Amino acid sequence: MNLTITTEPTPLVINSDHVILVRGTRVPLDTIVFEFKQGATAEGIVEQYSSLDLADVYAVISYYLRHQNEVETYLQQRQQRAEKVRTENEHRLPSKGLRDRLLAQRQLRK
């Protein structure tokens, strides 16, 4: 028996927005880690996200477990960035009174 042991590349890529995705999909690393930390199995994750390959999900989970500190730092940075963007959008496009303004516009059109 000639079994060759090779190293497989981690199925993760960084897109132009600096988001880490599972290669060949639009599923971010964040999603896999979140689901895994919530108790989902690799099989369960694949059931929820049909674009994922089971072996890739196992590889991503393995990567997370071997690089947990770095991944957690990345996830925290993503969360901070999301909060910053949310705050900027709320200042730029205030939603306070939005429902009332939309209803008023609707009444004007009648």
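What to note about this one:
- In region 1-24, the residues that are within 24 Å of Glu72 (Cα to Cα) reach residues that are of a type in the set (Ser, Thr, Tyr) and not in a loop (DSSP other than H, G, I, E, B) with C-beta atoms within less than 6 angstrom, at least six apart or across chains, in these pairs: Thr10/Tyr63.
- Contact annotation: residue pairs with Cβ atoms under 7 Å, 6 or more positions apart or on different chains, pairing a residue in region 68-94 that is free of Cβ contacts under 8 Å to residues at least 60 places away in the same chain with a partner that is part of a helix (DSSP H, G or I) and among the hydroxyl-bearing types (Ser, Thr, Tyr), are Val71/Tyr64.
Read-outs throughout are calculated quantities, based only on the coordinates presented, and are distinct from any laboratory measurement. Quantities reported herein were computed from a predicted structural model and do not represent experimental measurements. Methodologically, a virtual Cβ is constructed for each residue, glycine included, from the backbone with ideal geometry; neighbour enumeration extends over all protein chains shown.
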